[in-house]
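Participant: Attaching a single structure in structure tokens format; questions to follow.
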Amino acid sequence: MNRKENIKQISEAEKVWDIAVIGGGSSGLGVALDAVSRGLSVALFEKSDFAKGTSSRSTKLVHGGVRYLAQGDVFLVLEALRERGLLLKNAPHLAHNQSFVIPIYSFFDRLKYTIGLKMYDWMAGKLSLGKSTFISKTKTIERLPTIKQEGLKGGVIYHDGQFDDARLALNVAQTCDEKGAAVLNYFKVNQLIKDEGGKISGLSVKDQFSKKNYDIKAKMVVNATGVFADKILQLDNPDAKKMIRPSQGIHLVLDQSFLSGKDALMIPETSDGRVLFAVPWHDKLVVGTTDTMRKKPKLEPAALEKEIDFVLKTAQEYLTKKPQRSDVLSVYAGLRPLAAPTDESEKTKEISRSHKVLVSNSGLITLTGGKWTTFRKMGEDTVEYFTKLTGERLQKSGSAEIKIHAFSTNKSSDYLGVYGSDREAIKSLQDANSEWNQLLHPKYPFTQAEVIFACRNEMAMKVEDVLARRIRVLFLDAKASTNMAPKVAELMAEELGKDEAWIEKQLKDFNKLAMRYLIEI
């Protein structure tokens, strides 16, 4: 995936793209993936880095949604369970089967969750990841040694998927790139270009680094900008009604010893009716989440003190090793792009309760709502509008069969497993230069070779891109990431041809960012 080569593609003034996608998170990448599976030409523009926003800040679960089943939303769960199965099949290097244990403290809960999760298994059909079952108190304690034992009756085991969200976004972008799409980060949309009849015929975009503008001609333009969808809608029509209601969810990252073992913990109903997960991830423990309505979307939302307190307090209620503020290695917040209710008069097509597709009078297609698990289906549903908009025949979607870039079924036990088949390229870099085989931090396995690889193959343009979304250490241990930053900046400057002033600015920007991932003790 080469940024310069992709810029050359969009520089062809006369080229008319089939679809231009605004947004490089899960929604936009899902649209691009489905479009290329049908042989359509695609240009995708992300104003920051791929998955910079919500799509790198999830609970790291690929799941049908046990709580949606409890709410009676059977269609949504069926759709998500199918997509879960497809994702684990098409990206096995990034998504895998994760066992969960629900601790049971009453006979009624045993009955409710045993029956409910049997239904969950049945709904997954052939794509089931394993049977749910009730286990004794002794077995529950064996699997969750730090679980609260007072009143414990046993546990229910069930299976869902777990993944690395930002790395999946990168690999999907690479998949689209390999199939001919021009995929670009740090490209901001200035305006929507319209013909004499007021219909959208393209975009004006700006390279955030060179400051050069490009006009892109496209038969269909898709607004897939998540919580920022309203901004593009207002570019199209300044009077457009707001479609998004941002809901914030936060996660605390702790040492895995707070749970220990390989199982994840799921508390289906906390004191205020929320769900709490504690999920092993990259040898750490991700604990969350919250559901706090926010007024305005932000690229870097901050966790509220009351959210941090809630997650810690709830975790302390269920764990014998009680986490304190001083134990939090990193805290991150993400905004869910919830689709606001719409009235009958709007030209809106509701695909499901999980995502909606809006067709503006100008022909702008807007995808709102949804979640990572169903990103491919969201893309498929959106691309279906191509025929309605252009009148051109559309091939059948093939995205359900596409193996994602770096696909590998060779299960590696080391940390390079998330690179899939790309791990060999990293090994080659390590062998080619002994310095590149050196660690970036004594406590973590990441090497200098990964920084070189990220610059050459994964379109990393800033120190943040590497530390937050290529090797994920900002999310795993914010303090350690600041210790790695100087070496990362030095390596990137050499690869990208940057000077000392660039290094200085990058370090200043990254250290300021990292402070948002640390909490005051």
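Participant: Just a yes or no: is a residue in the range 218-239 in the same structural domain as residue 371 (by TED's automatic domain parsing), closer than 25 Å to residue 292 by Cα and among the acidic types (Asp, Glu)?
Facilitator: yes
Participant: Continuing with the same structure: If we keep just the residues of the range 112-166 that are in a strand (DSSP E or B) and in contact with a His (Cβ under 7 Å, 6 or more places away or on another chain), which is surrounded by the most Cβ atoms within 10 Å (Cβ to Cβ)? Give the steps one after another, and end with the answer.
Facilitator: Just the residues of the range 112-166 that are in a strand (DSSP E or B), to begin with: 133-135, 147, 154-163.
Next cut, in contact with a His (Cβ under 7 Å, 6 or more places away or on another chain) only: 160-162.
Details: 160: 25, 161: 22, 162: 22.
Only one residue tops the list, namely 160.
Participant: Moving on to the next point. Just checking, which of 460, 432, 468 is among the small types (Gly, Ala, Ser), surrounded by fewer than 24 Cβ atoms within 10 Å (Cβ to Cβ) and either free of Cβ contacts under 8 Å to residues at least 12 places away in the same chain or in contact with a helix residue (DSSP H, G or I) (Cβ under 9 Å, 6 or more places away or on another chain) (or both)?
Facilitator: On the way: 460 fails: surrounded by fewer than 24 Cβ atoms within 10 Å (Cβ to Cβ); 468 fails: surrounded by fewer than 24 Cβ atoms within 10 Å (Cβ to Cβ).
Residue meeting the stated conditions: 432.
Participant: Here are some conditions: (1) within 20 Å of the chain's Cα centre (by Cα); (2) surrounded by fewer than 24 Cβ atoms within 10 Å (Cβ to Cβ); (3) in a helix (DSSP H, G or I). Residue 69 meets all but one. Which one does it not meet?
Facilitator: Of the numbered conditions (1) within 20 Å of the chain's Cα centre (by Cα); (2) surrounded by fewer than 24 Cβ atoms within 10 Å (Cβ to Cβ); (3) in a helix (DSSP H, G or I), the odd one out for residue 69 is (1).
Participant: Which ranges mark the helices (runs of 4 or more DSSP H) fully within the range 345-449 that have 3 or more residues being closer than 20 Å to residue 175 by Cα?
Facilitator: Values: elements: 375-383, 385-390, 423-432.
Once the helices (runs of 4 or more DSSP H) in the range 345-449 are filtered for at least 3 residues that are closer than 20 Å to residue 175 by Cα, what remains is 375-383, 423-432.
Participant: Further question: Looking only at the range 42-101, which residues are within 30 Å of residue 11 (Cβ to Cβ) and either modelled with pLDDT under 95 or not acidic (Asp, Glu) (or both)?
Facilitator: Here is the first cut: in the range 42-101, the residues within 30 Å of residue 11 (Cβ to Cβ) are 42-53, 55-56.
Listed by number, the residues that qualify are 42, 43, 44, 45, 47, 48, 50, 51, 52, 53, 55, 56.
Participant: Okay, next question. So, in the range 1-33, exactly how many residues are among the charged types (D, E, K, R) and either under 24 Å from residue 230 (Cβ atoms) or part of a loop (DSSP other than H, G, I, E, B) (or both)? Reasoning before the result, please.
Facilitator: Within the range 1-33, the first condition is being among the charged types (D, E, K, R), and the residues that meet it are 3-5, 8, 12, 14-15, 18.
Then drop every residue that is not either under 24 Å from residue 230 (Cβ atoms) or part of a loop (DSSP other than H, G, I, E, B) (or both), which leaves 12, 14-15.
Residues flagged as among the charged types (D, E, K, R) and either under 24 Å from residue 230 (Cβ atoms) or part of a loop (DSSP other than H, G, I, E, B) (or both) within the range 1-33 amount to 3.
Participant: Taking the conditions exactly as written (in a loop (DSSP other than H, G, I, E, B), among the basic types (Lys, Arg), under 19 Å from the mean Cα position of the chain (by Cα) and surrounded by fewer than 20 Cβ atoms within 10 Å (Cβ to Cβ)), does residue 298 satisfy them or not? Please lay out each step first, then the result.
Facilitator: On the way: in a loop (DSSP other than H, G, I, E, B): yes; among the basic types (Lys, Arg): yes; under 19 Å from the mean Cα position of the chain (by Cα): yes; surrounded by fewer than 20 Cβ atoms within 10 Å (Cβ to Cβ): yes.
Spelling it out, residue 298 is indeed in a loop (DSSP other than H, G, I, E, B), among the basic types (Lys, Arg), under 19 Å from the mean Cα position of the chain (by Cα) and surrounded by fewer than 20 Cβ atoms within 10 Å (Cβ to Cβ).
Participant: Let me ask something else. Could you please find all residues in the range 200-219 being touching a helix residue (DSSP H, G or I) at 6+ places or on another chain (Cβ under 9 Å) and surrounded by 15 or more Cβ atoms within 10 Å (Cβ to Cβ)?
Facilitator: Across the range 200-219, the qualifying residues are 200, 205, 207, 214, 216, 219.
Participant: Could you say whether any residue in the range 14-37 is under 24 Å from the mean Cα position of the chain (by Cα) and on the phi > 0 side of the Ramachandran plot? Walk me through it before giving the result.
Facilitator: In the first step, residues of the range 14-37 are kept if they are under 24 Å from the mean Cα position of the chain (by Cα); the result is 19-37.
Among the residues that remain, those that are also on the phi > 0 side of the Ramachandran plot are: 23.
Yes, some residue in the range 14-37 is under 24 Å from the mean Cα position of the chain (by Cα) and on the phi > 0 side of the Ramachandran plot.
Participant: Another one. Which is without any contact (Cβ under 8 Å) to a residue 40 or more places away in the chain and either surrounded by fewer than 22 Cβ atoms within 10 Å (Cβ to Cβ) or of a type in the set (Asp, Glu) (or both), of 196, 178?
Facilitator: Details: 178 fails: without any contact (Cβ under 8 Å) to a residue 40 or more places away in the chain.
Only one candidate qualifies: 196.
Participant: All but one of (1) under 17 Å from the mean Cα position of the chain (by Cα); (2) surrounded by fewer than 16 Cβ atoms within 10 Å (Cβ to Cβ) hold for residue 316; state the number of the condition that does not hold.
Facilitator: Of everything listed in (1) under 17 Å from the mean Cα position of the chain (by Cα); (2) surrounded by fewer than 16 Cβ atoms within 10 Å (Cβ to Cβ), residue 316 misses just condition (1).
Participant: Within the range 366-398, can you find the residues that are polar (S, T, N, Q) and either crowded, with 24+ Cβ neighbours inside 10 Å or on the phi > 0 side of the Ramachandran plot (or both)? Give the derivation first.
Facilitator: So the first thing to find is which residues in the range 366-398 are polar (S, T, N, Q), and the list is 366, 368, 373-374, 382, 387, 390, 395, 397.
366, 368, 373, 374, 382, listed by residue number.
The values are calculated or read from the model by the stated rules, or taken from the named source; none is laboratory data. What you are looking at is a predicted structure, and each value in this text was computed from that prediction instead of being measured. As a convention, Cβ positions derive from the backbone with ideal geometry for all residues, glycine included, and neighbour counts pool all protein chains shown.
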